[in-house]
1. Which residues, counting only those in segment 189-216, are modelled with pLDDT of 95 or more and out of contact with any helix residue (DSSP H, G or I) (no Cβ under 7 Å at 6 or more places or on another chain)?
2. I need a count of the residues in segment 144-177 that are out of contact with any strand residue (DSSP E or B) (no Cβ under 7 Å at 6 or more places or on another chain) and either more than 30 Å from residue 106 (Cα to Cα) or free of Cβ contacts under 8 Å to residues at least 60 places away in the same chain (or both).
3. Considering only segment 195-208, state which residues are crowded, with 16+ Cβ neighbours inside 10 Å, at negative phi, outside any helix (DSSP H, G or I) and out of contact with any strand residue (DSSP E or B) (no Cβ under 6 Å at 6 or more places or on another chain).
4. So which pairs qualify, if the first residue must be in segment 257-274 and without any contact (Cβ under 8 Å) to a residue 40 or more places away in the chain, the second must be buried (at least 18 other Cβ atoms within 10 Å of the Cβ) and in a loop (DSSP other than H, G, I, E, B), the Cβ gap must be under 7 Å, and the two must be at least 6 apart or on different chains?
5. From the list 141, 180, which residue is touching a strand residue (DSSP E or B) at 6+ places or on another chain (Cβ under 6 Å), assigned to a loop (DSSP other than H, G, I, E, B) and in contact (Cβ under 8 Å) with a residue 12 or more places away in the chain?
6. Which condition number does residue 94 fail, the rest of (1) free of Cβ contacts under 8 Å to residues at least 60 places away in the same chain; (2) surrounded by fewer than 22 Cβ atoms within 10 Å (Cβ to Cβ); (3) under 19 Å from the mean Cα position of the chain (by Cα) being met?
7. Could you list all residues from segment 103-125 that are closer than 21 Å to residue 73 by Cα and part of a helix (DSSP H, G or I)?
8. Can you confirm whether residue 56 is touching a strand residue (DSSP E or B) at 6+ places or on another chain (Cβ under 7 Å) and at pLDDT below 95?
């Protein structure tokens, strides 16, 4: 009875919010992107942070939601210390807007609760209640990026299925590719019309990225009748681990690194924009000189 009553209250609040927005004419569609992976340790959270910042360079207002319930660490990667997190929302102590904090460059962050066992063991109605609360973020940003946990747990799949688009992160290891396929299969089984993008992380070359993506794409097309979009890749760049240790996004700490150029290229493709890497060295010098005299 409690579960059913709570679901009815959530539905009523959601409908009330939608009606109020329509009356005020303030309803604005927010693009929801879930970033996930079949296997842990593939750089998913680090990708999320830097990808969000790259999207902002295209004029997008972005909110990151750390939905790795129980082991959230977006705040650690960014070097911020939020006073409140999703745990306080689920306990009813705060509204979701109350816990949004500002990160670098104006990035907005909703922190999860790290090390809180209750967060990792939410009941089905609690997950549904929380996802319904995301309606409150409608129109507050152009893009909401949900950083999920890895794997196929009920919590992960709930966020993946609720998103408009899904970015699956993998690396060129057989186990990671296999787990990525498992995640794609589980998603398409329950969500027939979703958009899935693939990003291959930590590659030594563009050829390695293409080979990895091809392995997954061929199997998905053969057995799932699914065409997975290869969004792009990120080089295995030492600048990434250095930035993680200093708790700063590599896009800001090392703006000229290979990883930064890759993430900017990915964001450009996501926004259907052309990407022109900034030249360096002698070519850059004469380019700047020409502008000064122009």
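1. Passing the criteria: 197, 202, 204, 205, 206, 207, 208, 209, 210, 211, 213, 214.
2. Summing the residues that are out of contact with any strand residue (DSSP E or B) (no Cβ under 7 Å at 6 or more places or on another chain) and either more than 30 Å from residue 106 (Cα to Cα) or free of Cβ contacts under 8 Å to residues at least 60 places away in the same chain (or both) in segment 144-177 gives 10.
3. Answer for segment 195-208, where residues must be crowded, with 16+ Cβ neighbours inside 10 Å, at negative phi, outside any helix (DSSP H, G or I) and out of contact with any strand residue (DSSP E or B) (no Cβ under 6 Å at 6 or more places or on another chain): there is none.
4. 257/237; 258/237
5. Unique residue meeting the criteria: 141.
6. Condition not satisfied by residue 94: (3).
7. Within segment 103-125, 104, 105, 106, 117, 118, 119, 120 meet the criteria.
8. Here the answer is no, as residue 56 does not meet what is asked.
The values are calculated or read from the model by the stated rules, or taken from the named source; none is laboratory data. All figures in this text were calculated on a predicted structure; none of them were measured in a lab. Counting neighbours? That spans all protein chains shown, and the Cβs are built from the backbone with ideal geometry, glycine included.
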